[in-house]
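Notes for the one structure printed next.
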Amino acid sequence: MARKNLLEGLLGTPADRQQGEKLPAGNFSGGAVPPGRAPSPAPPPLSQSGAIGSVTRSIEALKNEAQEARVLRQQMEAGQAVVEVEPSRIVAAMIADRLAQGGESLQALVESIRESGQQVPVLLRPHPDGSDRYQVAYGHRRVLAARALGRPVRAVIRPLSDAELVVAQGQENSARTDLSFIERSLFATRLEDAGFDRPVIMAALAIDKTALSKLIGVARRVPVDIIEAIGPAPKAGRDRWLQLADRLQNESDHERARGLLASLAEAETPSDERFQRLFLRLSQAPEPKPAEWIVPQVARERGKALEIEDGEFRAFLRARLGDLYREFRNR
């Protein structure tokens, strides 16, 4: 009976047991309780009710919010926090690294972000002009896709110098390896024209001095408007571009290229096919231009025949015809 009273004293009254937690089954040990004497009740838990508790909770909440703000600020300063930025506040980088931003690949990216959201954030820096805008280091196409969808851009914001920006831009593209040879070549040339030292350009493209010289050499030999008219041509590597540069020797070759590329642009010919068509055209000898007579009365064409009206000139041509033909064949 004493054991029963002891257990009831430890567990409290039946009403108390219904409101409290159930204790695990097993043996209990502790100090002896004299028979007939109820154990001393446990001290009640401290309560933070009332005005003092409310103030304490408010102080704790403020401390937590301040800590979260400090962490967020530190993350943003270190460029680790991903934030959302309206596309209207984002402008392009200083140096373009692509020849074409749109097309089927951009539309595919738009559909991917529409279905799954923007999985990879872009890298931005505060605009150097001190406004509330941001400048893209990399992720131009993701910005365009978000703008097309009317969605904010998920971005990492980091203060960057001009050199740090182009290095981040170039290395991110090199890591993805989705820039074509001529895009890398043109990007390197634009960086040099903007005044960046070659060590910075080599760091941006993750290449050595020899490879950089070859990249810049191609873009210096092929006129920029012809490169832009051809487009990225992802299947045309360094050797083919070097061969194309060899075929663009003078202004006459440049004009032939511009004429062909203009017609191909109207037909919306893909970039790789534009390169191939131009490469083959420049491999052929130029078509002879129609004869332009200083004195129209000397001769005129009749079908495949050339009618010489001046008799003395006709006799001269007849006497020199063999020599002229040999000169034509040996030219």
Considering Cα pairs under 8 angstrom that are at least six residues apart, work out the relative contact order of segment 152-223 and quote it in whole percent. 38 percent
Dipole moment magnitude, nearest 20 debye, segment 150-227 about Cα centre, only Lys, Arg, Asp, Glu C-beta charged: 180 debye
With the 1.4 Å probe rolled over protein heavy atoms, segment 180-248 has an accessible area per residue in Å² of 44 Å²
In whole percent, how big is the carbon plus sulfur part of the accessible area of segment 118-212, probe 1.4 Å, protein atoms only? 52 percent
Search the structure for amide H atoms under 5 Å from the amide H of Leu248, placed 1.01 Å from N in the peptide plane, and list their residues when 5 or more places away or on another chain. none
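The values are calculated or read from the model by the stated rules, or taken from the named source; none is laboratory data. The shown structure was predicted, so the numbers you read here are calculated from the model rather than taken from an experiment. Using ideal geometry, Cβ is built from the backbone for each residue, glycine included, and neighbour counts are taken over all protein chains shown. Only protein heavy atoms, including side chains, enter the accessible area calculation; ligands, DNA and RNA are left aside. Shrake-Rupley method; radii C 1.70, N 1.55, O 1.52, S 1.80 Å.
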